[in-house]
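**Student:** Before I ask anything, here is the structure I am working with.
The numbers here are math on the coordinates, done by the rules we state, and not lab data. As the structure is a prediction and not an experimental result, all values here were calculated from the model. Cβ placement follows ideal geometry from the backbone for every residue including glycine, while neighbour counts extend to all protein chains displayed.
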Amino acid sequence: MIKAVESLGGNGDSGAVTTDSVADVLERELDNLIKKWLASVEKEPSLTRIPLNYAERTGHLPHLLHEVIKRLRLKAPMKRATSKIAAYHGNLRHKQGYTVAMVVEESRLLQVTIFTTLHIHVKNLDFNTLLPDVVIIADEVDSQLKDQMMQFMDADSAKRAKRE
């Protein structure tokens, strides 16, 4: 939701300044955010030791980020359901040979990239909702990580059971 607010310039003139919601910024910057996240991932030797193409490395991100955006747009808090895409991603990363630490690192880099993106656009953000939205983002990304890890551990247990 974009809204106009009155602002006084340095010379006393008033002019319209637009403010964006955090959800609007994330939605608008989705492609750039994914590219910046990938650039961060590519600087981490622990993550790049598993060779993946662009789609394999980033294919889950639009879906996970849309879940973040959807949660930001909710008018009232709701009990969060398990994210099927996050669970799928946890299973996929297990199959690709990731470790728990690698999945956690990817998630950490996602939060850093989201918050960096918001910082770049901070002049256009609604300050009344910024901090509560940051809390929602952190909670959603961490909850998605939990869903990923639950599926990852289930896949790991199934793999061990097959060997025994």
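**Student:** How long is the gain from Leu131 to Met153 if the chain were fully straight, where each residue apart is worth 0.36 nm and the alpha carbon distance is subtracted? Working shown, then result.
**Tutor:** Details: separation 22, 0.36 × 22 = 7.92 nm, distance 3.26 nm.
Value of the extension gain: 4.7 nm.
**Student:** If each residue's Cβ is checked for other Cβ atoms within 10 Å, how do Ser157, Ser40 rank with the fewest at the top? Don't skip to the end; give the middle numbers.
**Tutor:** Details: Ser157 10, Ser40 18.
So the residues, fewest neighbours to most, are Ser157, Ser40.
**Student:** From Cα pairs below 8 angstrom and at least 6 apart in sequence, can you work out the relative contact order of the stretch 21-163, rounded to a whole percent?
**Tutor:** On the way: 109 pairs, mean separation 56.4, N = 143.
So the answer I get is 39 percent.
**Student:** Separate question: Does the stretch 55-121 come out rounded, prolate or oblate by the C-alpha gyration tensor, with a ≥ b ≥ c the root eigenvalues, rounded set by a/c under 1.5 and, if not, prolate when a/b is larger than b/c and oblate if not?
**Tutor:** Details: a/c = 2.18, a/b = 1.33, b/c = 1.64.
Note, shape of the stretch 55-121 comes out oblate.
**Student:** Can you give the net charge of the other residues whose Cβ lies under 12 Å from the Cβ of Gly90, counting K and R as +1 and D and E as -1?
**Tutor:** Values: positive: Lys84, Arg93, Lys95, Lys146; negative: Glu106, Asp147, Asp154, Asp156.
Result for the neighbourhood of Gly90: 0.
**Student:** Between 0 and 90 degrees, rounded to the nearest ten: what's the tilt of helix 84-95 against the longest Cα principal axis of the chain?
**Tutor:** 40 degrees
**Student:** Another one. By how many degrees, 0 to 90 and rounded to 10, does the Cα axis of helix 61-73 deviate from the longest principal axis of the chain?
**Tutor:** 50 degrees
**Student:** Taking K and R as +1 and D and E as -1, what net charge do the other residues with C-beta under 12 Å from the C-beta of Arg108 add up to?
**Tutor:** Working: positive: none; negative: Glu44, Glu105, Glu106, Asp142.
For residues surrounding Arg108, the net value is -4.
**Student:** Give me the dipole magnitude in Debye, nearest 20, for the chain about the Cα centre, with unit charges on the beta carbon: positive for Lys and Arg, negative for Asp and Glu.
**Tutor:** Details: 23 positive and 22 negative charges, 151 e Å.
Computed about the Cα centre, the dipole is about 720 debye.
**Student:** Can I ask one more? What does the convex hull of the alpha-carbon atoms of the stretch 21-163 project to on average, in nm²? Present the calculation step by step, with values, prior to reporting the outcome.
**Tutor:** Numbers: hull surface 35.3 nm².
Projected area, direction-averaged: 8.8 nm².
**Student:** Note the full-extension length gain between Asp139 and Arg80 as 0.36 nm times their separation in residues minus their Cα-Cα distance, in nm to one decimal. Could you put the intermediate results ahead of the total?
**Tutor:** Details: separation 59, 0.36 × 59 = 21.24 nm, distance 1.01 nm.
Extending this stretch completely gives an extra 20.2 nm.
**Student:** While we're here: Rounded to the nearest 0.05, what FRET efficiency is calculated for Thr116 and Arg73 with R0 set to 25 Å and r the Cβ-Cβ distance?
**Tutor:** Working: r = 21 Å, r/R0 = 0.86.
The computed FRET efficiency comes out at 0.70.
**Student:** For the chain, what does -39500 (n - 2.57) per DSSP helix run (n ≥ 4), summed and divided by total residues, give at 222 nm, in deg cm²/dmol to the nearest 500?
**Tutor:** Numbers: 8 runs with 111 residues, N = 164.
That comes out to -22000 deg cm²/dmol.
**Student:** Pairs of lysines 8 or more apart, or on different chains, with alpha carbons under 17 Å: count those in the stretch 21-163, would you?
**Tutor:** On the way: Lys35/Lys43; Lys70/Lys79; Lys70/Lys84; Lys79/Lys146; Lys84/Lys95; Lys84/Lys146; Lys95/Lys159; Lys95/Lys162.
Qualifying lysine pairs in the stretch 21-163: 8.
**Student:** Cα centroid distance between the stretch 26-103 and the stretch 129-151, in Å?
**Tutor:** Answer, in whole Å: 12.
**Student:** Among Tyr98, Tyr54, rank each residue by its count of other Cβ atoms within 10 Å, from fewest to most, as a rough exposure measure.
**Tutor:** Arranged by neighbour count, lowest to highest, Tyr98, Tyr54 become Tyr54, Tyr98.
**Student:** For helix 127-163, what angle does its Cα long axis make with the longest principal axis of the chain, in degrees from 0 to 90 and rounded to 10?
**Tutor:** With rounding to tens, the tilt is 10 degrees.
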